Each structure stands twice: as C-alpha cells, then as structure tokens.
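A short worksheet on the structure shown next.
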Amino acid sequence: MNPVLEAIRSRRVVRSMTGEPVARADLEAVLDAARWAPTAGNRHLQRFVVTDDPGTLRVLRMVSPGMIARPPAAIAICVDRALAADYGFPPGAAGPSVDVGTAAATILLAAHSLGLGAVPVTSFSRAAVAVVLRLPEGTTADMILCLGHPAPGGPGPLRRGRKVTWQDLTTFVP
Ligand SMILES: Cc1cc2nc3c(=O)[nH]c(=O)nc-3n(C[C@H](O)[C@H](O)[C@H](O)COP(=O)(O)O)c2cc1C
C-alpha cells in the first residue's frame, strides 16, 4: 500500500507509554513536521510549547483530566490570539482553531512515523495550563499532545478498527 495511506490507517492513539524519554532529535523532527501543516492565510499562528520535565508533566496531568497517559513529553499546541487579531481574524474565527487541528494531525502522523505513540488531549483547564506553561498574555493552549514510546501490550496498530466507513461520512453531490 502507498506508505502515506498506510501510515494514516495504522496510526492509533497511544495512552500507555513507557518511561523512556523521547529523544530531543525526535521531538525536533515532529515540531519541524508541524510547521508544514497548512494554516489559515499561511499566518502560522500556532505556538508549540514543549516539555519533557517530569515535574512540569506531573503538574500538567493534575490540571488535565483527559491526560490518561503518563507521557515523558508533551507538546501544547497554542494559538497566538493577539497576533490573530492583528491579522484581522475576528474573535471566534474558525481559522486559528482549525490550524490547531492541522498541526495536531501532522504531529500525530510524524510521531507515528518515528515509532512514537501519541494522544491528543483537549480536556484540561485552559487557565491552569497557561500558568503551568508560562504562556504569554494573548496566547491560549488549545490542545496537548502526549508523546512517548508505546508500552508493550498496549493496543497495537490496526487492532482497533473504525466504527464508520468513508461511505457513512460522505455524500457526493452531482
Ligand atoms: C479534538 C480531540 C480531543 C481529544 N481529547 C482527548 C482527551 O482529552 N483524552 C484522550 O485520552 N483522548 C482524546 N482524544 C483522542 C480520541 O479519543 C481518539 O482519537 C479517538 O478515540 C479515535 O482513536 P484513534 O485516534 O486511535 O483512531 C481526542 C481527540 C481529538 C481529535
């Protein structure tokens, strides 16, 4: 199969991770991949705040109920909302938030291609995460990606299928 399609199909969220650190070169590779994700108006309003500090990760987990994994690294995908406003995006405009999704999908696939496991998390206290990660005024954390090495025995690729077919989700309009 086409390797890109194969990677898309075989990626699954990983919530069970070993304590092995994520190599800095791997972190940098996924962050470099993220900058190739499409962005609204090509404005690159996302900011990536990364930590592999055990203490910071512990506090992050305390304020993030959705963080089931105990990851050795995390990337917060943030949006520079002040810059978005400067560029003329009105408050609540879809573009900057969609950019979070394009970056997340790109990071998930890049991590998978390197043999890393990852899970996106949106269930967290925005206010607390902003404090923990020392975000500048006007920057919001919109998603946290937990990254690590998949623990043995966790659900493997392709063991979990999809409940839906593409036909369930698609309408062709003549
Ligand atoms: C916007 C968004 C928010 C998510 N939030 C969480 C979360 O807080 N905690 C979590 O464990 N998984 C979270 N997930 C992961 C989904 O549960 C997961 O992608 C879905 O069950 C499908 O699994 P798969 O990616 O392995 O196919 C989130 C995914 C998305 C796209």
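At-a-glance table
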quantity	calculated
Residue in region 93-106 that is among the hydrophobic types (A, V, I, L, M, F, W, C), within 12 Å of the ligand (Cβ to nearest atom), surrounded by fewer than 14 Cβ atoms within 10 Å (Cβ to Cβ) and at pLDDT 95 or above present	yes
Scope region 136-164; condition loosely packed, with under 13 Cβ neighbours inside 10 Å and modelled with pLDDT of 95 or more; matching residues	PRO136, GLU137
Residues of region 12-46 that turn out to be assigned to a strand (DSSP E or B) and within 14 Å of the chain's Cα centre (by Cα), as a count	1
Residue match in region 151-166 (condition: among the charged types (D, E, K, R) and away from the ligand (no atom under 12 Å from the Cβ))	no
Test: residue in region 4-11 that is within 14 Å of the chain's Cα centre (by Cα) and in a loop (DSSP other than H, G, I, E, B)	yes
Single unsatisfied condition, VAL49 versus (1) within 12 Å of the ligand (Cβ to nearest atom); (2) not in a loop (DSSP other than H, G, I, E, B)	(1)
Candidate set from region 107-125 (those that are of a type outside the set (A, V, I, L, M) and within 13 Å of the ligand (Cβ to nearest atom)); member that is nearest to the chain's Cα centre (by Cα)	PRO120
Pairs, first in contact (Cβ under 8 Å) with a residue 60 or more places away in the chain and more than 13 Å from ALA151 (Cβ to Cβ) in region 1-23, second assigned to a helix (DSSP H, G or I) and more than 16 Å from the ligand (Cβ to nearest atom), C-beta under 6 Å, six or more apart	none
One residue from LEU60, LEU147, LEU169 being touching a Leu at 6+ places or on another chain (Cβ under 6 Å) and within 16 Å of the ligand (Cβ to nearest atom)	LEU147
Residue count, region 52-80 (criterion: within 21 Å of PRO136 (Cα to Cα) and part of a loop (DSSP other than H, G, I, E, B))	4
Cβ-Cβ under 9 Å pairs, at least 6 apart or on other chains, region 75-92 side over 11 Å from ARG43 (Cα atoms), far side at pLDDT below 95 and buried (at least 20 other Cβ atoms within 10 Å of the Cβ)	none
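The values are calculated or read from the model by the stated rules, or taken from the named source; none is laboratory data. Not measured: the values here are computed from a predicted model. Methodologically, a virtual Cβ is constructed for each residue, glycine included, from the backbone with ideal geometry; neighbour enumeration extends over all protein chains shown.
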